[in-house]
Amino acid sequence: MSDAIPAATLILMRDRADAAPEILMVERAATLAFAGGALVFPGGRIDPADRALADGHDLPADEAAARIAAIRETIEEVGIAVGLHPAPADLSGRPTLAALLGAATLDLAALIPFARWRPDHALARIFDTRFYLACLPANAPPPEPDGAETVRAFWTTAQAALDDADAGRATLIYPTRRTLERLARFGNFADAAVDAARYPVRTITPFVDHRPDGPWLCIPQDCGYPVTAEPLAAAARG
């Protein structure tokens, strides 16, 4: 396998009475080299500053840094802080995570490990991405896209996002589509957390299976995903 860029992403959920939970998604700017124009969860690469802030936590250094990166990227991309106590009163100026920690502490337990995807294909950039679940904090502000990497930030159900992609109204890269299919089965955040505990995280690397009707892009069948294969020609890989 080629080298991969360590990254982290946050699946932020909010429960609704008598309705499917909503998930925060962002639309990436069409000009970006990776997943330009696609709907994804807030996130990005793990920076050296994230690793520096990981010192002193009980988690392994790589795990702590990934959770910190997911928190930081969500602040930067949509202006919502997760895992900070007390919650910041104002994020309108997009303060850095380091600045916020002058008046708050990190609660990395607010993020629940959900998955880890590490593709192996011929594209220029490969990301080794850890996915985390988190529940929307009380009194969180509406999401606001940063206008640079993210041009839209909105709440939607997993099924609605899949329907938009099937109708040609949205683009989903392969890991995002498989994740939304998994999330669409949950009635609330607690159900998602239980499912996350049921399937210990291991790195998922999609592979090509050559079938009589052509090549399919597949993942292992024992990782908790209801759909584990898609025709390669239909798969968006970033």
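The values are calculated or read from the model by the stated rules, or taken from the named source; none is laboratory data. What you see is a predicted model; the values in this text were computed from it and never measured. Virtual Cβ from ideal backbone geometry, glycine too; neighbours counted across all protein chains shown.
Structure notes:
- With respect to (1) in contact with a strand residue (DSSP E or B) (Cβ under 9 Å, 6 or more places away or on another chain); (2) at pLDDT 95 or above, the lone exception for Ala233 is condition (2).
- Which numbered condition Leu32 fails, given (1) in a loop (DSSP other than H, G, I, E, B); (2) under 24 Å from Met13 (Cβ atoms); (3) aliphatic (A, V, I, L, M): (2)
- Counted residues, the stretch 150-189 - those being charged (D, E, K, R) and over 19 Å from Arg28 (Cβ atoms): 5
- Contact map, the stretch 52-80: first residue at positive phi, second residue of a type in the set (Gly, Ala, Ser), Cβ cut-off under 6 Å, separation 6 or more or different chains; the map is empty.
- When every residue of the stretch 146-153 is checked against the conditions, at least one turns out to be part of a strand (DSSP E or B), more than 15 Å from the chain's Cα centre (by Cα), of a type outside the set (D, E, K, R) and at pLDDT below 95.
- Residue match in the stretch 65-88 (condition: among the basic types (Lys, Arg) and touching a Gly at 6+ places or on another chain (Cβ under 9 Å)): yes
- Among the residues listed as Asp164, Asp222, Asp128, Asp191, the single one being among the charged types (D, E, K, R), modelled with pLDDT of 95 or more and farther than 22 Å from Ala115 by Cα: Asp164
- From the list Thr179, Thr171, the lone residue that is assigned to a helix (DSSP H, G or I), in contact with a strand residue (DSSP E or B) (Cβ under 7 Å, 6 or more places away or on another chain), closer than 21 Å to Glu73 by Cβ and not charged (D, E, K, R) is Thr179.
- Annotation: of all residues in the stretch 198-237 being part of a loop (DSSP other than H, G, I, E, B), charged (D, E, K, R) and touching a residue at least 40 places away in the same chain (Cβ under 8 Å), the one that is nearest to Ala158 (Cα to Cα) is Arg237.
- Leading residue by the ranking (farthest from Pro206 (Cα to Cα)) among those in the stretch 91-125 that are modelled with pLDDT under 90 and outside any loop (DSSP other than H, G, I, E, B): Ala99
- Scanning the stretch 165-184 for residues that are of a type outside the set (Lys, Arg) and farther than 22 Å from Asp18 by Cα yields Ala165, Asp166, Ala167, Gly168, Ala170, Thr171, Leu172, Ile173, Tyr174, Pro175, Thr176, Thr179.
- Criterion (crowded, with 19+ Cβ neighbours inside 10 Å, in contact (Cβ under 8 Å) with a residue 24 or more places away in the chain and in a helix (DSSP H, G or I)) met by exactly one of Ala161, Ala134: Ala161
- Scanning the stretch 2-20 for residues that are closer than 12 Å to Phe189 by Cβ, over 16 Å from the mean Cα position of the chain (by Cα) and either not in a strand (DSSP E or B) or not acidic (Asp, Glu) (or both) returns Arg16, Ala20.
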